[in-house]
Amino acid sequence: MIYMSAENENVTKGGITVEAEHIFPVIKRWLYSEKEIFLREIVSNACDAVTKLRRLSSLGEVRDVDDDEFRIDVRLDRDAGTITVSDNGIGMSREEVEKFICQIALSGAVDFISKYENTDGGAPGIIGHFGLGFYSAFMVASSITVISKKYGEDKAWKWVSDGADGYTIEPCDKEQAGTDVTLKLKADTEDEKYSEFLQEYKLRMLVRKYSDYIRYPIKMEVETSKPTEETKDDKEPKYETVREDQTLNSMVPLWQKAKKDVTQEEYEQFYHEKFYDFEKPVSVLHLSVEGDVTYKALLYIPSKAPYDFYTKDYKSGLQLYSSGVLIMDNCADLLPDYFNFVRGVVESPDLSLNISRELLQHDRQLKIISANLEKKIKAELERMLRDDREKYETFYRSFGRQLKLCALNNYGANKEKVQDLLLFYSSKEQKLVTLDEYVERMPESQKFIYYATGE
């Protein structure tokens, strides 16, 4: 609990009780595995604020809102040691600041979803649910300042806290509705280098990693080189360093587009950029499924194994997204071991996330998705084996060992799932054949199949 004591009608000071003081270390140490997650959480909150205003506009509850103007801004001030994330969303009144920021684990998203999920357009695409993501910022910040102005109101409110000794709320000026969250970063120590988050490249990388598919543009002023005016008439181009706003995120992921709207070149470019493999994949699966669990997936079957594939360092699994936000980078539960070579992404709005958004509360949804993906991958490999033998053998040269290993593991528990995908070298035909193909051409007099193991 957090208690408040009003000193006058405009300024509120709040104290944090023992119980709440104890929850901060838990949030900072146990809910999030990496400090860098703070930017994902603050940006996600900004996205939710914009989504709320957009939904109210679509229902006619607010007017004069231009969807094309929605945006999220990230500003960096190295001299001041601050990072500011701003949005032009719904904003907060004084009462909402006190309710949703000052009270830990109370989320305004839940109220909003329950109120509007049965209206036109269905459930709002709200990311936050638990009211704890905001406090992840205290992993890197010595203090946080929030300035927010509710859409349609005249007054703005300023909330300041160091996360330990309470907070203050007071009126302030803000021209536009929305919220600014400013983090004053902690000083570096021997063990922790908080200043790394004051580098442009680091923030750009974090936005691309976690928030690349947020539906609104995330903009930041960055330093870039541009040809000078003299370049037009000069054979040798000349460049100058300028600062300009750039959109850091892609916004619309490839897997959310209709298959008919995506070219093979776009599939391959996404694969190269996302998974750092410069070989073309042998196959692409673009899935959109509605049922017990709704999800979209973009899966790639590589043509060659990565250098570490047959080592303990290899991390299998698919990237898992929810509402455009990266939840897990390598979700191994989405693939069986015998198909762990598949790369790709899965996004579902139906996932039951835990409070850190890094894990799931239960795995029923994952099991359904995983079972469906397994069927699709196996069907595609069988199709290649049947209709495009050369391409399949290209794949098999890299990953056949994995399929054979999984057929033997656990006393052959998965043998029936992969045995029809295995190839063996025939001494008579001098090529790779399936067991079915070998048996089909056996003479009636042949009683045995002889085989040799080894390379």
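The values are calculated or read from the model by the stated rules, or taken from the named source; none is laboratory data. Keep in mind that this is a model prediction, so the values were computed, not measured. Heads up, the Cβs are rebuilt from the backbone with ideal geometry, glycines too, and the neighbour counts pull from every protein chain shown. SASA here: full protein model, heavy atoms, side chains in, ligands and nucleic acids out. Shrake-Rupley method; radii C 1.70, N 1.55, O 1.52, S 1.80 Å.
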Throw me the Rg/Rh for segment 129-249, computed over C-alpha atoms with Kirkwood Rh, two decimals. 1.09
Once phi for every residue in segment 293-298 is put through the Karplus expression 6.51 cos²θ - 1.76 cosθ + 1.60 (θ = phi - 60°), the whole-Hz ³J(HN,Hα) values, with Gly and Pro written as x, are 10, 8, 7, 10, 9, 10
Please go through segment 139-234 and write out the GluC sites (Glu not before Pro) that DSSP classes as loop and that have at most 11 other C-beta atoms within 10 Å. Glu175, Glu190
Packing-based order for 91-98, 369-376, using average beta carbon neighbours within 10 Å, highest first: 91-98, 369-376
Burial order of peptide ranges 444-454, 206-216 (average beta-carbon count within 10 Å, highest first): 206-216, 444-454
Counting only protein heavy atoms and using a 1.4 Å probe, what share of the accessible area of segment 138-271 belongs to carbon plus sulfur, as a whole percent? 43
What accessible area per residue, rounded to a whole number of Å², is obtained for segment 342-455 using a probe radius of 1.4 Å? 66
Kindly rank 317-326, 255-264 from highest to lowest mean number of other beta carbons found within 10 Å of each residue. 317-326, 255-264
Cα centroid separation - segment 281-355 against segment 174-240, whole Å: 29
